[in-house]
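The values are calculated or read from the model by the stated rules, or taken from the named source; none is laboratory data. This one's a predicted model, so the numbers in the text were calculated from it and none came from an experiment. Backbone-built Cβ (ideal geometry, glycine too); neighbour counts: all protein chains shown.
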Amino acid sequence: MGQRTRILIAALLGFLAGACGREETQPARNVVLIVVDTLRADQTSLHGYARDTTPFLAEWAQRDGQVFERALSTAPWTKPSIASMLSGLMPQQHQLTLHMQKLPSDGPNVAEAFRSRGFQTAAIQSNHLLAHEFGYNRGFDAYVDGVDTTLATHDRSTGPAVNAAAFAWLDARDRSKPFFLYVHHYEPHHNYLRDGSSWFPGYRGPLTGAESMDELYGLVSKMSPDDIEFLRARYDAEIRYQDDLLRELVAGLRERGLLEDTAVVLTSDHGEEFAEHGDLSHQYKLYEELVHVPLLVVRPGERRRGARIAGVVSLVDLPRTLLDLCGQYAARFPGRSLVGLLEGIAEEPRACGGHASTIPPGTNALYEREMFVDGRWKLVLNRKPGTRELYDLVVDPREQSDLSTAQPDQLERMQRGFEAWKVAAEAGRLGALPANIQLTPELEERMRKLGYLGG
Ligand SMILES: [Zn+2]
C-alpha cells in the first residue's frame, strides 16, 4: 500500500470515528522527553514483570497514558541510540557508531526543529557519553550536563540532582513560550548501587555488588545462575529506586500545573543483558533484552487512557512523534509519527532495523551486527564472521532457538526484506562520517571505568 493510500485511509477512518462521536486528543503546548538509561522493558512492572519494579509507571500508564508494547531502540548502547532519537535517522544513516564520534552537526535534529518553531529547548543530562563535547547539545538553548560532574564511575546516584536541575530550569524558563525539555536519568546503568536482597535473599556466592564492569566481564563465563540472579536483583533494585525518582519528577510537573498542557514521553536508550546470550551489560548484541524498551506516552486530555498498542515500533520515529504531539507537523522530518497509533487508527505494521558496531573490551577488533524485525520474525546479521540468525519472537521471545537452518525459506524472505529496507535506509544516509573528538585524559578515564573503550 502506498503512502497516499495510507493517508486517504487514515483520513477516512478519522472521519468515521468523528461521525461515531470519537474526538481526537488535542495537541499539547509543551513536551517532556524522559529517557531512563539502560531500562529493559521486560523487567518493569509496566510490562508485567513478576517483581514490582515500577509501581508508579504501571499505575500512571494505566490511569493517564498509553503504552507501546513492542518499542525497539535502534542500537544497544547510548550514543547511537540517542542520536537516532534526536535525528530520526538509523545508525546506518547518522553513522555515529563509535565512542569518539560527535553527533553530526548537519542533518535533521529535533531540538533544532522545536527551536525554529519558537520553542525553548533544554536538556538535563546525566550520562557523560552525551556530554556537550560530543555535540549532543545541538539545538538546545540550555544543556545541563554537569548535573553531577563526579558521575565518572556512576558510584553515586545522580537522579535527585537531575530532577532538581529539571525543576530549576522549569521555574526559570520564559513562560511566554512553549518548551521541549529532555531529561536523561541514569540509575539502572551499572554500577548497581542498591541492595537487591529483598528480591533475591540468601545469596552466598563470591560477588559483592562492588565489582567494576570490566571485572564482571572477566567473570561471566564462570558465574553460577545464583551469581547472575544476584546481579539481576541489584539491577531491579535500581529500577525500583528510579521509579521513585520518576514519581517525584512527575509530581513536580503536576505541582507546576504542567500536566494540563504538556505531553510526557518516557523511554530508554537500550536494555541490559544478564547472560541470556552469554554476556552482561550492553553494547554489542541486538537481542530483545538489549533493544526492547518501554515507551509510555501521557498526553493532556488523553481520550484513550490505559490503552496498550501491540505492534512493533522503532524509536527512530520518536522525534517526529514529539513534534506531532505538539501539533508541529513536520512533513520533511524523517521517520513516521506514532500519533495515529495513539489515536487508535490501525496502521500497516512496519519492519524495524537496528545496528551494533563497536570494539568489545579486551580486544581491538571492530565488529558489526544488524537486526531486522518484521512482525513476529527477527533476523540478526553478524558481519564478522558473516553468520545469520533467525528467531520467531512469538514462539521463542527469549531468542534461544536459532531457526536459520530449520527454516531456510523464511530466512531468505527476511534477508530480502532486510535488503530492501537497507536500500531505502542508505538513500537517507548523511554525506559525511561524524567527526571524532580528541578525548581528554579525564574523559577517556571515565569511559574506561565504565567498561567502554575496550582493553
Ligand atoms: Zn545508555
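Here is how the numbers come out for the structure above:
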quantity: Criterion violated by Val144 - all others in (1) of a type in the set (Val, Ile, Thr); (2) farther than 25 Å from Gly354 by Cα; (3) within 16 Å of the ligand (Cβ to nearest atom); (4) surrounded by fewer than 23 Cβ atoms within 10 Å (Cβ to Cβ) satisfied; calculated: (3)
quantity: Residue within the stretch 17-40 that is on the phi > 0 side of the Ramachandran plot and modelled with pLDDT of 95 or more present; calculated: yes
quantity: Unique residue being among the basic types (Lys, Arg), in a helix (DSSP H, G or I), at pLDDT 95 or above and not assigned by TED's automatic domain parsing to the domain that holds His282 when the list is Arg398, Arg388, Arg416; calculated: Arg416
quantity: Number of the exception - Ser45 against (1) out of contact with any Asp or Glu (no Cβ under 8 Å at 6 or more places or on another chain); (2) modelled with pLDDT of 95 or more; calculated: (1)
quantity: Strands (runs of 3 or more DSSP E) lying entirely in the stretch 262-371 (those with 1 or more residues that are polar (S, T, N, Q) and outside the structural domain of Ser212 (by TED's automatic domain parsing)); calculated: 352-358
quantity: Gly301 in contact with a helix residue (DSSP H, G or I) (Cβ under 8 Å, 6 or more places away or on another chain) and either in contact (Cβ under 8 Å) with a residue 40 or more places away in the chain or within 23 Å of Leu390 (Cβ to Cβ) (or both); calculated: no
quantity: Matching residues, the stretch 245-273, being away from the ligand (no atom under 16 Å from the Cβ) and under 29 Å from Leu286 (Cβ atoms); calculated: Leu245, Leu246, Val264, Val265
quantity: Criterion violated by Gln242 - all others in (1) under 30 Å from Leu390 (Cβ atoms); (2) within 16 Å of the ligand (Cβ to nearest atom) satisfied; calculated: (1)
quantity: Matching residues in the stretch 220-234 - criterion: being surrounded by 14 or more Cβ atoms within 10 Å (Cβ to Cβ), of a type outside the set (Lys, Arg) and out of contact with any Lys or Arg (no Cβ under 9 Å at 6 or more places or on another chain); calculated: Val220, Met223, Asp227, Ile228, Glu229, Phe230, Leu231
quantity: Residues satisfying the stated conditions in the stretch 39-58, i.e. among the small types (Gly, Ala, Ser) and touching a residue at least 60 places away in the same chain (Cβ under 8 Å); calculated: Ala41
quantity: Residues (over 21 Å from Tyr284 (Cα atoms), in contact with a Cys (Cβ under 9 Å, 6 or more places away or on another chain) and surrounded by 21 or more Cβ atoms within 10 Å (Cβ to Cβ)) located in the stretch 68-118; calculated: Phe114
quantity: Pairs, first under 17 Å from Tyr186 (Cβ atoms) in the stretch 74-98, second in a loop (DSSP other than H, G, I, E, B) and more than 14 Å from the ligand (Cβ to nearest atom), C-beta under 7 Å, six or more apart; calculated: Pro76/Lys285; Pro76/Leu286
quantity: Residue ID - nearest to the ligand (Cβ to nearest atom), chosen from residues in the stretch 38-54 that are in contact with a helix residue (DSSP H, G or I) (Cβ under 6 Å, 6 or more places away or on another chain) and assigned to a loop (DSSP other than H, G, I, E, B); calculated: Arg40
quantity: Residue identified as outside the structural domain of Thr358 (by TED's automatic domain parsing) and closer than 30 Å to Trp377 by Cβ among Ala123, Ala71; calculated: Ala71
quantity: Residue in the stretch 226-261 that is nearest to Ser197 (Cα to Cα), counting only those that are among the aromatic types (Phe, Trp, Tyr) and touching a residue at least 40 places away in the same chain (Cβ under 8 Å); calculated: Tyr235
quantity: Members of the stretch 55-90 that are in a loop (DSSP other than H, G, I, E, B), under 17 Å from the mean Cα position of the chain (by Cα) and away from the ligand (no atom under 16 Å from the Cβ); calculated: Gly88, Leu89, Met90
quantity: Residues of the stretch 372-385 that turn out to be touching an Asp or Glu at 6+ places or on another chain (Cβ under 8 Å) and either in a strand (DSSP E or B) or among the hydroxyl-bearing types (Ser, Thr, Tyr) (or both), as a count; calculated: 6
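Residue-by-condition table, conditions (1) touching a Ser or Thr at 6+ places or on another chain (Cβ under 8 Å); (2) surrounded by fewer than 17 Cβ atoms within 10 Å (Cβ to Cβ); (3) modelled with pLDDT of 95 or more:
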{"position": "Gly252", "(1), (2), (3)": "no, yes, yes"}
{"position": "Gly257", "(1), (2), (3)": "no, yes, yes"}
{"position": "Val265", "(1), (2), (3)": "yes, no, yes"}
{"position": "Asp269", "(1), (2), (3)": "yes, no, yes"}
{"position": "Ser281", "(1), (2), (3)": "no, no, no"}
{"position": "Glu288", "(1), (2), (3)": "no, no, yes"}
{"position": "Gly306", "(1), (2), (3)": "no, yes, yes"}
{"position": "Val313", "(1), (2), (3)": "no, no, yes"}
